[in-house]
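To keep things clear, I will list the structure first and then write my remarks on it.
Read the figures in this text as sums done on the coordinates, not as results from a lab. All values derive from a computational prediction rather than experimental measurement. Because the Cβ atoms are built from the backbone with ideal geometry, glycine has one as well, and the counts that use them run over all protein chains shown.
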Amino acid sequence: MKTESWNIEGKSAASAVGVLKAVCKRIPDAAVVLGSGVNVLMDLHDPVALPFEEVFGIAPTIAGHAGSMVIGRLKEDKDSPLVAVLRGRFHLYEGHDWPVVTLPARVLIEWGVPKLFLTNAAGGLNKTFHVGDLMVLTGYRDFLNPKLKETGLVPALMSETENCANDLTASLLEIGKKLTAADKSFVPMQQGTYAACLGPSYETMAEIEMLRRLQADAVGMSTVPELLTTAGTHTQSAAISVVTNVWKEDEPMGGHEEVLEASKQASLRLDKLFHAILTAL
Ligand code: HPA
């Protein structure tokens with residue numbers, strides 16, 4: 001089990017856990033990290049909102065990432081699951097290094113949160129995908145920065161990686177199937193391999209072609225650091241991509257605004273999925 005703390009700009013994982021324990025007496029049953037424009041679980045009961053800066057000592061800089069942790073119960077009932085929703089994350093493309101990018105995941109591990117759901121906005125590579133699809137990650141390709149993993153800078157990243165197709169992933173797929181069976185407006189979810197690239201610019205058509213040949217189904221700029229950090233710990237994680245664009249030859253790509261709009265539509269379905277899986281925990 002990994003419990004190391006790093007001093008990061010004066011804020012180690014341990015000091016962030018101290019902040020959280022002071023405001024929240026109960027350890028959350030699950031945490032959810034929201035990617036660009038993904039808005040779910042807005043209706044938690046008795047929510048406490050903590051700006052990232054207060055918890056982690058750092059604020060995110062990207063549009064669509066509010067940068068706050070909202071902790072609340074799923075339902076009115078006092079025994080209902082307690083959920084920590086992280087509205088935003090830190091990215092390598094913002095200029096943060098691995099210790100900062102992995103800080104929220106390390107804090108959740110150290111706090112003892114047993115389940116972590118990661119969401120992201122991603123580009124569709126699989127030609128059968130549509131804008132607004134939800135893709136459950138059953139595998140990933142890490143193109144972020146493998147060199148740093150060899151320097152010993154971030155011991156958490158030296159651990160064995162774990163296939164992200166775990167029990168939690170299986171539960172997401174299972175619940176998705178049930179929701180589709182019960183409600184025809186719940187578009188069947190996709191599943192596949194996520195390629196994590198550094199960004200911040202989107203991929204060239206030549207890179208898209210390469211990623212397709214490597215059989216990646218979606219491409220984004222996040223999530224893999226958190227999957228690597230939680231691998232082998234008591235915090236089990238599963239991840240979902242919101243497909244905000246599907247790469248096609250000779251078609252212009254949408255800008256950040258369109259990405260946010262597509263995320264909004266898919267968020268409605270994602271919200272149902274999270275309510276269902278968190279209720280079933
Ligand atoms: N590439 C990388 N990141 C993304 C994309 C994409 O096409 N769409 C949304 N996030």
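With a Förster radius of 41 Å applied to the beta-carbon distance between E53 and L214, the computed FRET efficiency rounds to 0.60. Across segment 182-194, computed HN-Hα scalar couplings (Karplus, 6.51 cos²θ - 1.76 cosθ + 1.60, θ = phi - 60°) run 7, 9, 5, 7, 8, 3, x, 7, 8, 9, x, 9, 9 Hz from first to last residue, x flagging Gly and Pro.
The distance between label points at E257 and A22 comes to 4.2 nm (points 7 Å beyond Cα on the Cα→Cβ vector). Averaged over residues, the count of other Cβ atoms within 10 Å places the peptides 49-56, 20-27, 223-230 in the sequence 223-230, 49-56, 20-27, highest first. Can you pick out the pairs among K78/K178; K78/K177; K21/K75; K78/K184 whose Cα atoms lie more than 24 Å from each other? Listed pairs above 24 Å: K78/K178; K78/K177; K78/K184.
Remark: spin-label model distance K177-D43 equals 2.7 nm, labels positioned 7 Å along the Cα→Cβ axis.
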